[in-house]
Amino acid sequence: ANAAEPAAAATPTCAVSGLRITLDDNGNGPAQHGMNHEGTYLRFKNTTGTTCALRGYPGLGLEKAGHAKAATDVRWGSTYFAQDPGKKTVYLKSDASAWADLVWTHTGANAVHAKYLEVTPPAATAHRTLAFDKIVDNGTLNVTSLSATPPATG
């Protein structure tokens, strides 16, 4: 290896196969509900036993009944409930988690009746599909960058 390379380059990017991806409110209130907005955290837990890195925003896609893909508009940055922590590399030790805040509205405006959510970790090409029985206006999802702690809400 080139001696000029930073040591961080040796930390592999977390692969989908080594992550447990869940929707998680982290047990802390207040619940993310208000003014027709609803939200939860996306939690990426490292299950590999070795440290891996994640940087940036997760890819997201809505699916309707029967896993039919729905038009999805993903917006990166601060959500109605949480400030975007900014794009920083999160080094996940074994069993550690990275978090992003995920928010949508449900007024019924051009709503997608979602049944599933595809979640792709940053820099990954494969995704996990989670149960997500939600009404999502215009198929629009707002999501923060991943961080080592759940983004503060409230």
- Tell me, what % of the accessible area of the chain is carbon and sulfur with a 1.4 angstrom probe? 51
- Rounded to the nearest 20 Debye, what is the dipole magnitude of the chain about its Cα centre when Lys and Arg each give +1 and Asp and Glu each give -1 at the C-beta? 260
- Message: Assuming 0.36 nm per residue, please report the length gained on full extension of the stretch Lys87 to Ser17 beyond their Cα-Cα distance.
- Response: 22.9 nm
- For the range 72-154, the Cα-Cα pair-distance distribution in 5 Å bins from 0, as whole percents, is 3, 14, 20, 24, 21, 12, 4, 1, 0
- Message: Could you derive backbone 3J(HN,Hα) for the range 82-98 from the dihedral phi with the Karplus parameters 6.51, -1.76 and 1.60 (θ = phi - 60°), listing whole Hz in sequence and x where the residue is Gly or Pro?
- Response: 9, 6, 5, x, x, 7, 10, 6, 10, 8, 9, 6, 4, 6, 7, 10, 10
- Can you give me the relative contact order of the chain as a percent, contacts being Cα pairs under 8 Å and 6 or more apart? 30
- Task: Jot down the radius of gyration and Dmax of the chain, Cα atoms only, both in angstrom.
- Result: 15.9, 56
- For the chain, compute the number of Lys pairs whose alpha carbons are separated by less than 25 Å, excluding pairs fewer than 8 positions apart on the same chain. 10
- What is the Cα coordinate range of the range 37-102 on the first, second and third principal axes, sorted by size from largest, in whole angstrom? 36, 30, 17
- Message: Which one, Leu42, Leu54, Leu19, has the greatest fluctuation when you compute a Gaussian network model over the chain with C-alpha springs under 10 angstrom?
- Response: Leu19
- For the pair His67 and Leu130, how long in nm is the line joining their label points, each one 7 Å along Cα→Cβ? 1.8
- Could you do me a favour and compute the accessible area per residue for the range 40-154, 1.4 Å probe, result in Å²? 46
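The values are calculated or read from the model by the stated rules, or taken from the named source; none is laboratory data. Only a predicted model underlies this, so the values are computations on that prediction, with no experimental measurement involved. Virtual Cβ from ideal backbone geometry, glycine too; neighbours counted across all protein chains shown. For accessibility, only protein heavy atoms count, side chains too; no ligands or nucleic acids. Shrake-Rupley method; radii C 1.70, N 1.55, O 1.52, S 1.80 Å.
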